[in-house]
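The values are calculated or read from the model by the stated rules, or taken from the named source; none is laboratory data. Here the structure is a predicted model, which is why all the values come from computation and not from measurement. Here the Cβ is made from the backbone with ideal geometry for all residues, glycine too, and neighbour counts use every protein chain on show. All accessible areas refer to the heavy atoms of the entire protein, side chains included, with ligands and DNA or RNA removed. Shrake-Rupley method; radii C 1.70, N 1.55, O 1.52, S 1.80 Å.
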Amino acid sequence: MTSVNPKDNAADLTVLGIETSCDETAAAVVRGPHGRQILSNTIRSQIDEHTEFGGVVPEIAARAHIDILDRIVAEAMQEADCGWDDIDAVAATAGPGLIGGVIVGFMTAKAIAMAANKPIVGVNHLEGHALTARLTHDLDFPFLLLLVSGGHSQFLLVRGVGDYERLGTTIDDAIGEAFDKTAKLLGLPYPGGPHVEKMAAAGDPLRFKLPRPLLDRAGLDMSFAGLKTALRTQAKKLEPVDDQTVSDLCAGFQRAVSDVLAARTKSALDLFKQRHPDVEPVIVVAGGVAANAEIRSSLLTAAAEAGARFIAPPMRLCTDNAAMIAWAGIERLCEGPVDDMALSPRPRWPLDARQAGILGAGRKGAKV
Ligand code: KG4
Ligand code: ZN
């Protein structure tokens, strides 16, 4: 196996990335760290396969990854106009996530790396999200990351590659999961987030009194399960609910989530400023929930009030994709030679090793 370390030769690396930890089959070729070029970024969403079940079915996801991954990799290589000789390393998600899919992607990546005689990097999916903003923006360590997706809801202090501190997390449902469950109980399709947002646009956020869970407590942890239960109780009282009521419930739910996120973001930035008084505070948001306009704008306001820079990478790089995995591979390789051939796929893999997962596995794997 050829070993690479750009610190030795200061040259850019070209890395093939593979992502299969949930319901997106993705491959990408990225060049960096200096040039920061996405040469290709191919994604196939499995949403159609899972819609009728109202959520991601792990077995169906794993089979769909097997069916299509080789074609997605070939497409990404072709679009990047790369042959195996042009690739310096292969990076693939090795966890956390739905284990069947992670095995498909990481084992495929190992086979490619072995056949092409390239180093293999097993990337933590959360590290992919955490480092994406350094691919899209000029951004130094440390910075604050708010990751809000269907599987994760957490504040991370990103101090360096491989150096993370989880400052707060949901103690029950991930935010995207809460959107999806709320949508389901109101009869809206999966994935729920965009449908809840659409209905909320015609709703009155003040009609129903919904809680702001945990905000009476210090710290940065969050909770969304109680909010969803409160909404269910209100909806039950008015059954059968008309469209206006659904809109009002969606608007109330979205407002409550936005309020919780904004308040926690302000506290997270206060903590950041205490820890790093000489650094410009930066908050980066990633994950599918960041697509929500009301949430985005309340985060933007919270950041502005705290005097912090707000970075939201483009949505196609905020949601699951393989460019972020290739980039995390490049960042790891910049730290020194990597050989993860002996690494096993992991369903759980907290970025902050001192913080074990505090929850059971969610619909999309570990929720931490
Ligand atoms: O990051 P992502 O694409 O996949 C993972 O979960 O890893 O996030 C998907 C989640 C789903 O739960 C979806 O309902 C939520 O993001 N979502 C939204 C919106 N668009 C997607 N939630 C609220 N508002 C949206 N506009
Ligand atoms: Zn993700």
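The set of residues in the stretch 156-214 being within 16 Å of ligand 2 (Cβ to nearest atom) and of a type in the set (S, T, N, Q) consists of 169, 170. Limited to the stretch 28-70, what total is found for residues that are within 16 Å of ligand 2 (Cβ to nearest atom), touching a residue at least 24 places away in the same chain (Cβ under 8 Å) and of a type outside the set (D, E, K, R)? Residues meeting the conditions: 10. Being buried (at least 21 other Cβ atoms within 10 Å of the Cβ) and either within 14 Å of residue 331 (Cα to Cα) or among the β-branched types (Val, Ile, Thr) (or both) holds for only one residue in 28, 89, and it is 89. When you scan the stretch 97-162 for strands (runs of 3 or more DSSP E) that lie fully inside it, which ones turn up with 3 or more residues that are open to solvent by 20 Å² or more (accessible area, probe 1.4 Å)? So the answer is none; nothing clears 3. Within the stretch 31-44, the set of residues being open to solvent by 40 Å² or more (accessible area, probe 1.4 Å), within 19 Å of residue 104 (Cα to Cα) and either of a type in the set (Val, Ile, Thr) or not in a strand (DSSP E or B) (or both) comprises just one member, 43.
Residues of the stretch 56-72 that are open to solvent by less than 70 Å² (accessible area, probe 1.4 Å) and out of contact with any helix residue (DSSP H, G or I) (no Cβ under 7 Å at 6 or more places or on another chain): 68, 72. For the stretch 179-234, a residue qualifies if it is among the aromatic types (Phe, Trp, Tyr) and at pLDDT below 95, and exactly one does: 190.
Counted as qualifying within the stretch 279-345 are the helices (runs of 4 or more DSSP H) with 1 or more residues that are away from ligand 2 (no atom under 14 Å from the Cβ) and closer than 30 Å to residue 110 by Cβ, namely 323-334. Evaluation of residue 299 against the conditions (1) within 16 Å of ligand 1 (Cβ to nearest atom); (2) more than 25 Å from residue 45 (Cα to Cα); (3) of a type in the set (A, V, I, L, M, F, W, C); (4) out of contact with any Leu (no Cβ under 9 Å at 6 or more places or on another chain) shows that the sole unmet condition is (4). Whether a residue is among the acidic types (Asp, Glu), more than 12 Å from ligand 1 (Cβ to nearest atom), in the same structural domain as residue 22 (by TED's automatic domain parsing) and in contact (Cβ under 8 Å) with a residue 12 or more places away in the chain was assessed, and residue 305 does not pass this test. Against the test of being more than 15 Å from residue 328 (Cα to Cα) and without any contact (Cβ under 8 Å) to a residue 60 or more places away in the chain, the options 81, 12 yield a single qualifying residue, 81.
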